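Just so you know, all these numbers are worked out from the coordinates, no wet-lab data involved. Treat the numbers as computed from the prediction; the structure is a model and nothing was measured. Cβ coordinates were reconstructed from backbone atoms using ideal geometry, including for glycine residues, and neighbour counts include every protein chain displayed.
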């Protein structure tokens with residue numbers, strides 16, 4: 001499963017008032033693992049960046065003068081997205097701006113959500129933590145994600161932080177100790193099921209490949225020989 005955690009920075013708050021995207025940051029996850037195949041670009045918006053927006057992200061008009069326009073990066077950006085699931089915090093804001101930019105190039109351009117499923121982590125967080133603050137900073141604190149470098153907003157940094165938050169929200173434990181007496185494994189799995197149920201997701205199924213199945217069977221055979229053939233479940237295990 002391919003997912004893209006996405007964030008944007010803009011010249012202001014409303015595309016219908018002429019505001020534009022100035023930065024896009026994306027983090028790719030495949031089967032819930034960061035691949036390092038990220039996407040990051042600054043964009044010349046062909047207009048001034050509002051002073052209030054500069055206070056949020058620190059990106060000035062002068063910094064963007066030599067950067068490409070959205071028209072210059074649109075094809076590569078859309079190719080990068082493909083049909084991946086998009087993970088966005090407060091998705092209507094970013095999707096609204098992306099669709100506006102696409103329709104400035106082609107009035108008939110379909111919206112991003114026509115080919116990419118969009119998962120809004122703000123909606124997810126509100127369902128999981130009703131009545132609590134659910135900003136990205138608040139979620140970083142709740143899930144113990146280090147955001148000490150976030151003095152200002154930045155699309156790539158925020159996408160990286162959101163990727164960690166999303167994995168913590170939907171996966172819970174970072175390691176499982178197979179201690180049958182402690183009950184910790186059962187509690188971890190129960191918590192994972194409850195979190196995924198709360199946001200209408202099913203746990204991803206990661207199947208072993210052929211080499212892993214063969215290695216597993218060989219390991220069982222070695223254990224069986226060492227135990228004098230008392231491995232009761234070996235008969236039910238096959239590399240195919």
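Projected area of the stretch 2-171, taken from the Cα convex hull and averaged over every viewing direction, in nm²?
Values: hull surface 39.5 nm².
The Cα convex hull of the stretch 2-171, projected and averaged over all directions, gives 9.9 nm².
Just to be sure I understand the model, the point goes 7 Å from the Cα along the line to the Cβ. What's the resulting residue 32 to residue 123 distance in nm?
2.2
What is the spin-label model distance, in nm, from residue 151 to residue 214 if the labels are put 7 Å beyond Cα along the C-beta direction?
Simple spin-label model gives 5.5 nm for this pair.
Across the stretch 1-72, what fraction of all alpha-carbon pairs, as a whole percent, falls in each successive 5 Å bin from zero upward?
3, 17, 23, 20, 14, 11, 9, 3, 0
Just grab the label-to-label distance for residue 48 and residue 144, each label 7 Å out from Cα along the Cβ direction, in nm (one decimal).
4.8
Nearest 5 is fine: what % of DSSP beta bridges in the stretch 1-152 come out antiparallel, could you say? Before the final figure, lay out each step's value.
Numbers: 15 of 21 bridges.
Just about 70 percent of them are antiparallel.
Can you order the peptides 4-13, 101-110 by their average number of other Cβ atoms within 10 Å per residue, highest first?
4-13, 101-110
Separation of the stretch 83-157 and the stretch 1-32 by C-alpha centroid, Å?
Each part reduced to its Cα centre gives a spacing of 7 Å.
Using a 10 Å cut-off around each Cβ, can you sort 67, 141 from fewest to most neighbouring Cβ atoms? Can you show the working numbers first?
On the way: 67 16, 141 12.
Result, fewest neighbours first: 141, 67.
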